[in-house]
Amino acid sequence: MMKSEIFTGGCLCDTVRYEVRGPLFDAHYCHCRTCQKASGAPVIAGAFLSRDALRFTHGEPKFYGSSPIVERGFCADCGTYLLYQPLIKEWSDWTIITISSLDHPESLPPERHYGVESRIPWFDVRDNLPREQYEDGFIEILSDENHEEREAILRRFGAQ
Ligand SMILES: [Zn+2]
Ligand SMILES: [Zn+2]
């Protein structure tokens with residue numbers, strides 16, 4: 001589902017505030033270990049957007065390179081996890097925003113689960129949404145520009 005309107009959001013302390021003028025799409029849960037650690041929560045909910053649709057209306061996030069292919073944006077004052085931003089050139093036009101940092105997260109229900117092999121066992125999920133596994137070797141393959149599987153992954157996980 002694609003939602004097209006103006007979205008606003010920000011961190012817990014309001015130092016970083018943002019605005020999205022454009023669609024948010026492919027809302028999903030991510031259960032991967034890195035998202036768990038980045039957020040301190042059992043799962044995050046994220047949505048894709050075009051990078052040029054995002055504007056910071058107050059403050060700027062700080063970025064942490066969580067792997068060679070991704071940096072994660074958070075508030076340097078209160079720590080709220082806000083953004084997942086690919087660093088590889090083929091994916092430089094999109095980013096993912098954490099849905100819970102939106103002022104109205106209720107407007108964007110997730111439509112799939114990603115990284116389900118890292119789901120914490122006590123975190124019970126009883127919906128019927130599709131479940132997908134994190135790719136083994138994903139980061140290594142995408143970090144190596146000459147890897148033969150790279151193109152296939154780029155196509156499969158590109159901004160839809
Ligand atoms: Zn903050
Ligand atoms: Zn994740």
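The values are calculated or read from the model by the stated rules, or taken from the named source; none is laboratory data. Just so it is clear, the model here is predicted, and its values are computed rather than measured. Positions of Cβ are backbone-derived with ideal geometry, glycine not excepted, and every protein chain shown enters the neighbour counts.
Could you check how many residues of segment 13-39 are touching a residue at least 12 places away in the same chain (Cβ under 8 Å) and either within 11 Å of ligand 2 (Cβ to nearest atom) or not in a strand (DSSP E or B) (or both)?
15
Looking only at segment 14-30, filter to residues that are among the hydrophobic types (A, V, I, L, M, F, W, C) and within 30 Å of ASP124 (Cα to Cα); which one of those is surrounded by the fewest Cβ atoms within 10 Å (Cβ to Cβ)?
The qualifying residue surrounded by the fewest Cβ atoms within 10 Å (Cβ to Cβ) is PHE25.
Can you pull out the residues in segment 74-126 that are crowded, with 18+ Cβ neighbours inside 10 Å and of a type in the set (S, T, N, Q)?
Scanning segment 74-126 gives THR80, GLN85, THR95, THR98, SER101.
Report, by residue number, each residue of segment 137-155 that is part of a helix (DSSP H, G or I), within 18 Å of GLY65 (Cβ to Cβ) and of a type in the set (Asp, Glu).
Residue satisfying the conditions is GLU140 alone.
From the list ILE69, ILE97, ILE88, exactly one residue is within 16 Å of ligand 1 (Cβ to nearest atom) and not polar (S, T, N, Q). Which is it?
So the residue among ILE69, ILE97, ILE88 that is within 16 Å of ligand 1 (Cβ to nearest atom) and not polar (S, T, N, Q) is ILE97.
Consider segment 109-156. How many of its residues are under 13 Å from ILE88 (Cβ atoms) and in contact (Cβ under 8 Å) with a residue 40 or more places away in the chain?
Total meeting the criteria: 4.
Can you tell me which residue in segment 41-53 is farthest from ligand 1 (Cβ to nearest atom), limited to those that are surrounded by 19 or more Cβ atoms within 10 Å (Cβ to Cβ) and in a strand (DSSP E or B)?
Step by step, filter segment 41-53, then rank; the result is PHE48.
Yes or no: ARG126 out of contact with any strand residue (DSSP E or B) (no Cβ under 7 Å at 6 or more places or on another chain) and either under 22 Å from ILE153 (Cα atoms) or of a type outside the set (Val, Ile, Thr) (or both)?
yes
Would a scan of segment 44-59 turn up a residue that is within 16 Å of ligand 2 (Cβ to nearest atom) and acidic (Asp, Glu)?
No: zero hits.
Say whether the condition of being farther than 23 Å from PHE157 by Cβ, surrounded by fewer than 23 Cβ atoms within 10 Å (Cβ to Cβ) and not aliphatic (A, V, I, L, M) is met by at least one residue in segment 31-40.
Within segment 31-40, one or more residues are farther than 23 Å from PHE157 by Cβ, surrounded by fewer than 23 Cβ atoms within 10 Å (Cβ to Cβ) and not aliphatic (A, V, I, L, M).
Going by the conditions given, is GLY9 in a strand (DSSP E or B), away from ligand 2 (no atom under 16 Å from the Cβ), of a type in the set (Gly, Ala, Ser) and modelled with pLDDT of 95 or more?
It is true that GLY9 is in a strand (DSSP E or B), away from ligand 2 (no atom under 16 Å from the Cβ), of a type in the set (Gly, Ala, Ser) and modelled with pLDDT of 95 or more.
Conditions tested, residue by residue: (1) away from ligand 2 (no atom under 16 Å from the Cβ); (2) at pLDDT below 95; (3) farther than 17 Å from ARG33 by Cβ.
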| position | (1), (2), (3) |
| --- | --- |
| CYS78 | yes, no, yes |
| ILE99 | no, no, yes |
| ASP127 | yes, no, yes |
| ILE139 | no, yes, no |
| ALA152 | yes, yes, yes |
